[in-house]
1. Quick one: what Rg and Dmax do you get for the range B:378-467 from the alpha carbons, in Å?
2. Other chains' Cβ within 10 Å of B:479-489 residues: what's the mean?
3. Please state the relative contact order of the range A:250-392 as a whole percent: Cα pairs under 8 Å, 6+ residues apart?
4. Fewest first, what order do B:280, B:365, B:45 take by the number of other Cβ atoms within 10 Å?
5. Project the alpha carbons of the range B:282-341 onto their principal axes and report the range along each, largest first, in whole Å.
6. Per residue, how much space in cubic angstrom lies within the convex hull of the C-alpha atoms of chain B?
7. Could you state the number of Å between the C-alpha centres of the range A:72-97 and the range B:298-358?
8. Quick one, what does Rg over Rh come out to for the range B:188-347 if you take C-alpha atoms and the Kirkwood Rh?
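None of the figures in this text is laboratory data; all of them are computed from the coordinates on show. Please read these numbers as outputs of a predicted model, since none were measured by experiment. Positions of Cβ are backbone-derived with ideal geometry, glycine not excepted, and every protein chain shown enters the neighbour counts.
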């Protein structure tokens, strides 16, 4: 069995059905082995950056390992951004790259043509990165790298293989043991104890629920315990249609969610990093009013200092199972839930503006099997808000933590292959430009991907920071150095259908289409929390009487 | 004086007139300081990758420091490829990026939103990378980083600045001493001694001649000493119109140059890395027949083992000056030069095929002030060969060592700003796709950049490797997974004129134009050296009688 055969066999065993990359000399043996197989497919990207995003889109949606590969030199350096993104968002991606030289001399500028110290470059943005220079080490390292990617808090790993190893025979190996171990559940006694005295507890959920596939269980737990659920933004798709879910919190949060957060006396964070701006004046009262219990899977996250909190390192699925088994409840649930419901009723229809209207209308029209893939910028905030208002339950992918502008085309491609179902890609005019070359992939393969371009002819988020800070704009609007192509002609160049947005255009997504919605370029991101305001007091501000009444509940 | 003011002042002092990047929150103070000044301009790119290539194109052409900047997170990771390219090719680029958190905790996955250990990622592909967290350290570090970039063997440096330092007042500092020092010239006695017994010496020149601005001096030295000059590929623009220059060597070299190399008994390498495949059977006889004297500026290069060679660490401009002063000559020059000239006469017209014909015709038609910027792939080899055949003297830029596919649009933008003169960008269909978003920059600013697209509808170089190795192709041709957009419509989307190639289309380049030349997709890269052949015996092979006759000269 050759190295390439072993690697591809192992990928198939782990359930990866698709691989993305661009061929180059040192990885051809790997590509040809993929090409030989019926049970896994290799796809050609047009920029390695998009191969990486395709792999992370696939991994995010399926929870399974997915591979991006690249040839040495510029091929591998082009993967840095999607790898850092996958690291930030915990996506299990295996990067396969290769080299020709048996060793790297770190004291010289060149060891050989296009040779790099790949491990040194990537080690701070991967869970594991290893250079493999012998067939003997190959099977152990492959298994180890893949295990690390998919166990514990997931994330990218990298193998940089001596090219000749792909074609060498590799030795038999014994099965490799898991390299991670986890704490047994120890949090439930503590949670049950704290719930005895809590009057207003909430569950604060995050992407960890998806990562541990505990979506149905958290929904059941909320129903049984009668404890309301809030989430971070980008996790609005965990239990969106549950009556016990009240939206996402944050500086651009759903107003009723921030209100509920402000009233909580016990926050049970399940698979949520508590990444909202904890050091701001707006959120400081939260830590003064509420005790926080954190269930964390990642020891490195557990080290973050969160005031007034206690952290347990556990798999959140185990925690929820144990809480379900213990049949938790608390005494004052009826009054607290009725307050939460009143806030939702009073505030739900507020805070939806033109871009959100369009998106909400679009989301209501799509089928349940469509994955929504978001880019970065104002468009993603609009998309999150519209998602809540549309009352849908589709999966929604983001570049949550790393904010990798331009990621959405690549992630859409990956999401399609992970689901074999249509994708609605929501992007902005700057993000779409950043990786527009990948329209070739989508157009050539006739993928059922609809791209909703919210074109405000500007780099909206940075423009607003510029306006606030300097009172004038540079490089972020038409006339200040920024500009956009003719997107209709761009779509045409790639053989992709184009239309301006109209209601119902997404009812059926069965081939590539670019749908452009022109957005007034002066629409800023709202609502948001003005500096110094409490988190529930977002601008545009509520009628003062109503605000005071709701604030006192 | 604020940090941003100090930095921009220093850049202006060093002669940088243009800066490329994409704004983001942490670098706005730097951008606004650039925007305030009359003597330096900031330009918006559409992908940071192209901002980096624009800076290196500017630096390669002008020899001056040029800046690319990026915001934290994905902004900076998008710069990795052009930075590695600038490191490989010795381009003095300053990367300016910034962060928000005062420290990085390497034991956790996140220190803060989009925060990275930038120095750790970039240190192996920069001459110097530094994190600057205080105003006190700022001026010293700026001067140090810029000095390192432009002194000795040039290359990229990176400063990752705590964002608030840009707006803080910085302390006065004393002038900073150069951090590098160089050997005095010690090679000339040795060279003169060896020339006494050499019958067939050559100068083998490389990019170091450009780097040390010694183009006129090497030409003078060749004329005075009567020693023929060969170069590496990508350095054919150093003294192209000199009678003493006989072309570039290598596995795809100019046939007469490889013949001359095979006959040399003394190779004096001036600013040339000796990067051709020295371990191959084809070039092994060179090291057995000739003694090699290396003049190197980079100590790390000097460590490379080159058989039968002696290395001196010197600035090549100093070496050449000293050789001129010493009035070197050798005794048997007439016979040797007449052999070289006969080889050139017999072989010059061979080995020019259709793509080379088109390029040669195009090159002959351009004005002297036009810079030729090349991408990566078969197209660059055709371009090099055509350059020699066209007999022109324009500057020609490449991604020489790192081979960064897709670099040419960015480098063309930089070359335009460095020269304020037209650019002819030669690229292929895969390279153009990789960074096609930058057509927006070129189209929007109406830059005088003509793009000559050699469209063979394939990834030609890898396709040929696949054919040789596997007998069939994957992902490199239409029908095997690769494809191209409609480039005419693509140009139109960006407001760029489009035409099919015709003779004379480049006579005047005063606005953006995409010129497409359709190349038969089956044309392989030729001539080349079949495995095992001597370096002078390229395929397609010469008539055996002629070969034997020339080989015996």
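1. Considering the range B:378-467 through its Cα atoms, Rg and Dmax are 13.5, 43 Å.
2. Values: counts 0, 3, 9, 6, 9, 5, 13, 6, 1, 2, 9.
Mean number of neighbouring Cβ atoms from other chains: 6.
3. Details: 131 pairs, mean separation 29.7, N = 143.
RCO, the range A:250-392: 21 percent.
4. B:280, B:365, B:45
5. Between the extreme Cα coordinates on each principal axis of the range B:282-341 lie 37, 36, 16 Å.
6. Details: hull volume 87.1 nm³, N = 553.
Spread over its residues, the Cα hull of chain B gives 158 Å³ apiece.
7. Here the two parts' Cα centres lie 42 Å apart.
8. My calculation of the ratio gives 0.92.
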